[in-house]
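Structure, as C-alpha cells:
The values are calculated or read from the model by the stated rules, or taken from the named source; none is laboratory data. These numbers come from a predicted model, not from an experiment. For accessibility, only protein heavy atoms count, side chains too; no ligands or nucleic acids. Shrake-Rupley method; radii C 1.70, N 1.55, O 1.52, S 1.80 Å.
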Amino acid sequence: FAYGAYKLCYLVLSYTLYVTLDQQAFTLWASLMSYIFFWVLMLDCGFRKSAPRFCPDFSFDKKTHRRFVGFLCITQSALLAGAIPLFSWSLPYFFKQVSPATEQLDYGLVVLATLLFFAQGCLALMRIIYHAHFWNKQFNSLATVVVAVECIVSLLLCLAAIDQVLLIRTLLIINVTGAL
C-alpha cells in the first residue's frame with residue numbers, strides 16, 4: 001500500500017504539473033528530474049539489488065555486519081561526492097543538447113538540481129540499507145508520509161499560479177527538504 005501511495009502521489013503531481021506548466025517549463029522540470037534520477041541510478045552500481053542479497057551473509061556477527069554496512073556507506077558516499085562536480089558541470093551541457101528550455105536553466109537551478117541530486121543519492125543509500133535489513137515497511141511508510149506532504153504542498157503551489165520558473169525552483173526546494 002505504501003509503495004502504491006508513493007507512486008500515486010508522484011503520478012498526480014506529474015499530471016498536475018503537465019496541466020499547469022507551459023511546454024518549456026514542464027520540459028525543464030521533467031528533464032531535471034530524469035537527469036537527476038538517471039545519475040542516482042548509475043551511481044547505484046548494483047548495490048540496490050545485491051545488498052539485500054548479501055546482507056544476511058555478512059550478518060553472522062556484529063563486527064562483520066558493521067563492516068558490510070560501513071563499506072556500503074563509504075562506497076556510495078564516495079561515488080556520490082565524486083560525482084557532484086561532474087553532475088553540476090554537465091547539467092547545463094545536457095540541457096543545451098536535449099532541452100529547448102535552456103534559457104531558463106540558470107545558476108540557481110543548477111545549484112538546486114545538484115542539491116536534489118545529492119539528497120536523492122543519500123536517500124537511495126538509506127533505502128539500500130533499510131531494504132538490506134528487511135525494514136522495507138518502516139522505510140516505505142515514512143517515505144510515503146513525506147512524499148504525501150511534499151505532494152500536497154506542491155499541488156497547493158500549482159493552484160497558487162505563481163511564476164513558472166519560481167514554481168520549479170520551489171518544487172526543487174520542497175523535494176530537497178523531503179529527501180533530507
Exercise for the section: At a 1.4 Å probe radius, which order do M126, M33 fall into by accessible area, largest first? Expected result: M126, M33
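Multiply the residue gap between V149 and L11 by 0.36 nm, knock off their C-alpha separation, and tell me the result in nm, one decimal place.
Roughly 48.2 nm would be gained on extension.
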